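Scroll down for the structure; my scribbles are underneath it.
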Amino acid sequence: MILYSENQLDDAWQYDCRMRSLSDRMWITRTKYERLFVHYLQSVIDGDEFIKLDIYIPEYILDNMDQEIDIYTEERLH
């Protein structure tokens, strides 16, 4: 399962926009970016080795992809 916050997605999209501006490239919509972002993350999780999507993702997001999140429900706490 891929978990990310709206803030992380916004940060990633804004990073993509900055990088595109530096390369004099057109921006893509946030909606399109989200689709490509999720596809990229899922491909990495699935073990795909050669993934080429035309987006920029901040390093801190890529560095934290393998972290496990343990969610405690009330049932587990009692």
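The values are calculated or read from the model by the stated rules, or taken from the named source; none is laboratory data. Given the structure is predicted, the values throughout are model-derived calculations rather than measurements. Positions of Cβ are backbone-derived with ideal geometry, glycine not excepted, and every protein chain shown enters the neighbour counts.
Identify all residues within segment 17-60 that are closer than 17 Å to Tyr4 by Cβ, in contact (Cβ under 8 Å) with a residue 12 or more places away in the chain and not aliphatic (A, V, I, L, M); write none if there are none.
Arg30, Tyr33, Glu34, Phe37, His39, Tyr40, Gln42, Tyr56, Pro58
Could you tell me which of the residues Glu68, Glu75 is assigned to a loop (DSSP other than H, G, I, E, B) and either in contact with a strand residue (DSSP E or B) (Cβ under 8 Å, 6 or more places away or on another chain) or modelled with pLDDT under 95 (or both)?
When all the criteria are applied, what remains is Glu68.
Filter segment 3-37 down to residues that are small (Gly, Ala, Ser) and under 15 Å from Tyr60 (Cβ atoms) and give me whichever is modelled with the lowest pLDDT.
Ser5
If the requirement is being surrounded by 15 or more Cβ atoms within 10 Å (Cβ to Cβ), at pLDDT 80 or above and not in a helix (DSSP H, G or I), which of these qualifies: Tyr56, Tyr40? Reasoning before the result, please.
Details: Tyr40 fails: not in a helix (DSSP H, G or I).
Selected residue: Tyr56, the only one of Tyr56, Tyr40 that is surrounded by 15 or more Cβ atoms within 10 Å (Cβ to Cβ), at pLDDT 80 or above and not in a helix (DSSP H, G or I).
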